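These notes are about the structure you will find just below.
Just so it is clear, none of the values below were taken in a lab; they were calculated from the coordinates. Note that the structure is predicted; figures quoted are calculated from it, not measured. Positions of Cβ are backbone-derived with ideal geometry, glycine not excepted, and every protein chain shown enters the neighbour counts.
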Amino acid sequence: MALPPNVAAADFNAALAAWRAAIGADWVFTSDEDVALYRDAYSPLYGEPDERVASGAVAPSTVEQVQAVVRIANQYRIPLYAISTGRNLAYGGSAPVHSGSVVLDLKRLNRVLEVNERNAYALVEPGVSYFDLYEHVTKSGLDVWIDPPDPGWGSVIGNALDGGGGWTASPFRDHFGSHCGMEVVLANGEIVRTGMGAVPGAKSWQHNKWGYGPWVDGLFRQGNMGVVTKMGFYLMPRPEAYVSATVQVFREADIVPLLDTLNLLENQHVVNGSTSLFGGRIDAAAPAGAPAWSVLVPIYGPEKVIRAQLEYAREKFAKIPGAKFIEGELLRTPLSDEALKRVRLVNFGIPNLSTFGMLGRSVGNPEPAGGHIGFSPIIPRTGEALLEYLRFYREYLPKVSGGSNLGIIGPVYMTNWERSLVAMIMFPIGRDKARNAQMRKAFREFVALAAERGWAEYRAPAIFQDLVSDTYSYNNHALRRLRETIKDAVDPNGILSPGRYGVWPKHLRKT
Ligand SMILES: Cc1cc2nc3c(=O)[nH]c(=O)nc-3n(C[C@H](O)[C@H](O)[C@H](O)COP(=O)(O)OP(=O)(O)OC[C@H]3O[C@@H](n4cnc5c(N)ncnc54)[C@H](O)[C@@H]3O)c2cc1C
């Protein structure tokens, strides 16, 4: 059995005994076999001495048990790492950021507490997956949609807390942005409810997210200030219909009017679906006659309304000389069995796992690495910025990869985030240590090169969270210092998820 760092064996044993008494011996895991289940299958350090690993795990089943676990950890100064379903593949899996932490596994808090069709919201516990919530909604015959990310097995809360997103309409696909109200266990074991939830007998916890006074919910997004035990989310009333169009432009420079038009339509809320932008890869030359860029513009809503929205969008895109507007099929919901076979299910609120086929074995990729991590810088949503990024990528990918490109894929333009653009580059990760080392080096170089140009990432794999946090350095890291001041105040012993997203407690801080 491994010990958490800086914890004496006697203290760890006393904490384990106290946890066993509080939640039952069956739910305190210390054997190598059990603890290995919390390894990150996509770790870029897999099998190496620096791989981030847990020293144990505890799995309470109620909020009271979570409080007890946290109080005991606080008493013995044992670092905990809270996970919901722990399927954070590509960003650290269920392994802790600070090696040797004990994983606080919340999978057993798995109740859907409420789904309210009338006001279109849900209140869930951390162990509720997208599959669970979908099953609850469909079995109860409720006329609302959920918004799953590509992997449907993740947690509605865990995904939101890591800054994740999905693929239906705005604003629902920004998962943290569309939450409403939280319950949090603090490091001292106290429970806080945010927003209207702070009113005893609150009647509108999931109706109004701001409540009264300074809003603290943001501290728990990519944060380590508390353990979230309940969270509310706005749901989308089932839209009657969906229509989309593909817009193609034929010169690389046409990305400028293409994105300006797209931005206008999205900011006017005429286009509300998750748009997908294609083009601008490393191999610059498109075949003759092929579009330089194409964008898919989906619209959800009542049929007669979305027909008018589509016409408006057509008029706006027609102002780009040479642009082609190809209208897609209009689909009415619920989708027919036949339509279900043709669509990307997550765009219709249906969780699934088909995304794992993306990097799997295929004719074009007979020896897949096994996993990936993503370098995901946020860049401005303008054609000029995107072209600058593309020039940067084309120049530096060969340099950073020693001319071989290393199987790095990208950029994948994520226009599903409103207002900004994430230009993701995917690095294959597997069990080949030499190759993983090349990926880590390339990743680090991209972070530094991007930061020199004013770009930084929105989310990062656990082993690079410090590196990316370093790039948010305005005024001598004033933002990080503010976060550290708050961390020291709410978690003085530094037991909750030390190091998550670059926020370390005082005793572990590198100056
Ligand atoms: C092929 C592929 C496709 C993907 N597609 C998407 C996608 O479309 N959208 C997307 O967002 N992601 C995507 N991901 C990334 C990731 O797999 C998902 O975001 C996944 O939902 C995260 O895992 P989880 O839901 O189990 O969260 P968890 O692993 O449970 O939580 C994530 C992190 O949040 C913190 N946390 C969790 N619960 C709590 C809590 N209760 N209190 C305090 N802190 C907590 C922890 O630090 C934890 O590590 C993809 C990954 C792969 C490999």
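Assorted remarks:
- A Förster radius of 35 Å, combined with the Cβ-Cβ distance separating E329 from K506, puts the computed FRET efficiency at roughly 0.05.
- Of the GluC sites (Glu not before Pro) in the stretch 131-192, those whose Cβ has at most 15 other Cβ within 10 Å and which sit in DSSP loop: E190
- Between D488 and A288, the simple label model (points 7 Å from Cα in the Cβ direction) yields a spacing of 6.8 nm.
- Calculated on alpha-carbon atoms, Rg and Dmax of the chain in Å: 23.4, 74
- For the stretch 112-237: rounded, prolate or oblate by the Cα gyration tensor [a/c cutoff 1.5]: prolate
- Here the Debye sum runs over all C-alpha atoms of the stretch 239-357 as equal scatterers in vacuum, and log10 of I(q)/I(0) at q = 0.11, 0.20, 0.21 Å⁻¹ comes out as -0.41, -1.12, -1.17.
- Taking all Cα pairs closer than 8 Å and separated by 6 or more residues, the relative contact order of the stretch 165-271 comes to 24 percent.
- Helix-only [θ]222 nm of the chain, DSSP H runs n ≥ 4, -39500 (n - 2.57) each, per residue, nearest 500: -9000 deg cm²/dmol
- Helix 303-317 and the longest principal axis of the C-alpha atoms of the chain enclose an angle of approximately 70°.
- For the stretch 9-105, the share of alpha carbon pairs falling in successive 5 Å distance bins from zero is 3, 14, 25, 25, 17, 10, 5, 0 percent.
- Residue ranges 219-228, 203-212 sort as 219-228, 203-212 when ordered by packing (mean number of other C-beta atoms within 10 Å per residue, highest first).
- If the chain linking D50 and S336 were pulled fully straight, counting 0.36 nm for each residue of separation and taking away their Cα-Cα distance, it would gain 97.9 nm.
- Part-to-part distance (alpha-carbon centres) for the stretch 425-454 and the stretch 81-152, which is given in Å: 30
- Candidates per GluC sites (Glu not before Pro) in the stretch 26-81, loop by DSSP, up to 16 other Cβ within 10 Å: E51
- Relative to the dominant Cα principal axis of the chain, helix 63-76 is inclined by about 60°.
- Cut-off 15 Å between beta-carbons: net charge of the residues surrounding L340, Lys and Arg +1, Asp and Glu -1: +2
- Remark: relative contact order (the stretch 371-489) = 31 percent; criterion is Cα-Cα distance under 8 angstrom and separation of 6 or more residues.
- q = 0.15, 0.17, 0.23 Å⁻¹, the stretch 371-461: log10 I(q)/I(0) [Debye, one scatterer per Cα]: -0.53, -0.68, -1.20
- The chain: relative contact order in percent, alpha carbon pairs under 8 Å with at least 6 residues between: 16
- Take every DSSP beta bridge whose two residues both sit in the chain; close to 85 percent of them are antiparallel.
- Under the simplified labelling scheme, the S204-V192 pair shows an inter-label distance of 2.3 nm, with each label point 7 Å from Cα along Cα→Cβ.
- The stretch 1-39 and the stretch 343-420 have Cα centres separated by 39 Å.
- Peptide packing: for 488-498, 191-201, the average count of neighbouring Cβ atoms within 10 Å per residue gives the ranking 488-498, 191-201, highest mean first.
- Under 10 Å, Cβ to Cβ, from P321 - net charge with Lys/Arg +1 and Asp/Glu -1: +1
- Once the Cβ-Cβ distance of E395 and E303 is raised to the sixth power relative to R0 = 35 Å, the FRET efficiency obtained is 0.15.
- Nearest 10 degrees, 0 to 90: helix 9-23 Cα axis against the chain principal axis: 70
- Taking packing as the residue-averaged number of other Cβ atoms within 10 angstrom, the listed peptides 372-385, 106-119, 69-82, 436-449 run from highest to lowest as 69-82, 372-385, 436-449, 106-119.
- Where a label projected 7 Å from the Cα of A8 along Cα→Cβ would reach, residues of the stretch 36-58 with amide N under 18 Å: none
- Filter on K399/K433; K441/K487; K209/K230; K203/K304 - keep pairs with C-alpha separation over 24 Å: K441/K487; K203/K304
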